[in-house]
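S.K.: Structure in structure tokens, see below.
The values are calculated or read from the model by the stated rules, or taken from the named source; none is laboratory data. In this text, all values refer to a predicted model and were calculated from it rather than measured experimentally. FYI the Cβ positions are ideal-geometry reconstructions off the backbone, even for glycines, and counts take in every protein chain you see. These area figures cover heavy atoms from the full protein model, side chains too; ligands, DNA and RNA do not enter into them. Shrake-Rupley method; radii C 1.70, N 1.55, O 1.52, S 1.80 Å.
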Amino acid sequence: MRASLKQFLPVLSLISAAAAIASESNSSTAINALPEVEFSQLSQRDPNPLGERALSIHRDQWKHGETEHFIYHFVSSDVVTPISVEAEFHYRVVAKELQREQPPGDTKSHIYVFERPDDWRQFQTVGGLEKWTGGIHSRGSLFILRDAANKFSGNTLGHEVAHLILHRFYPDGIPCWLDEGFAQYVSKGAHASYQRARGYDAKPHSHAITAADLIPLATLVGMTQPPSDQVETFYDESERLVRFLAFTDKASFLNLLDSLARHQPFDSTLARIYSGKFMSVEGLEEKFREYAAKDAGSSQHDSM
Ligand SMILES: [Zn+2]
């Protein structure tokens, strides 16, 4: 508990700042609105062909803008402004968790914010929709549908931003369980912090999984996409596994992430990096099974 409080303190001051900016930008003075930039004046271009495809749908509706780590393509300023505040907030949380920082002027991720459901339907046919969040994440770019009446619920934006940042640091890809599990793990904590900064009583909520529902770890780590008949278990279990590995030893977890991003086999890499703690996937599974079944939302164990 003590460790997690310490961990959240710098984050909390960041959130207060983000929340203050967000509430100011909701006021009628457009002073803090994301400044509009001509397309030709953007600091970077998106090499992803899906980006061009998005901008070709009602081409004249798109406006553009950028912040330190993201470039936005949007329809209206009052929709994109809070998204830009939240995206930078999540960037900080994820970079801190990964203990990585990009040099100034490094790659920015592109975020396309659709507002018309018809445009979105037209676009969806070309991208692979992530059923979990309703967004499309492709090669480091994010495509989402949002309008003033259709706000994100829960940790959706944080989850997608986590994917964008993981892709930036690991462009060759990481295993699916790790990508989805980390995105859930980091965005749940961040969302709870964001809520607490606004005066809500929120704890990161992690879902317990009973032993009967667990996907065997050897199977889970080999999956290249969430299994359609166990989508929820896949996300919950991946999140719990990331949480378990990170809290067992943070340095080892980051080491494991780096190795798996270089396509090393899970079994031998785990045994090497977590030596003395888990000798094999079976050894990990035995301890993880107990941990996965704990109710993380209701006790002190929520940060474990
Ligand atoms: Zn995801």
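S.K.: Can you find, among 256, 227, 281, the residue sitting farthest towards the positive end of the charge dipole of the range 226-298, where Lys and Arg contribute +1 and Asp and Glu -1 at Cβ?
M.R.: So the residue we want is 256.
S.K.: How big is the range 204-279 along each principal axis, measuring the range of its Cα positions in Å and listing the largest first?
M.R.: 32, 26, 20
S.K.: Solvent-accessible area per residue for the range 229-301 at a 1.4 Å probe radius, Å²?
M.R.: Per-residue accessible area for the range 229-301 comes out at 47 Å².
S.K.: Right, another one. So what's the projected area for the range 61-120, the Cα convex hull averaged over all directions, in nm²?
M.R.: Over all viewing directions, the range 61-120 projects a mean Cα-hull area of 4.6 nm².
S.K.: Roll a 1.4 Å probe over the protein chains and send me the accessible area per residue for the range 78-118 in Å². Mind showing how you got there, number by number?
M.R.: Values: 1630 Å² over 41 residues.
Computed with neighbouring chains in place, this is 40 Å² per residue.
S.K.: Roughly how many percent of the accessible protein surface of the range 57-121 is carbon and sulfur, given a 1.4 Å probe and a whole-percent answer?
M.R.: Taking all protein chains in place, the range 57-121 shows 48 percent carbon and sulfur surface.
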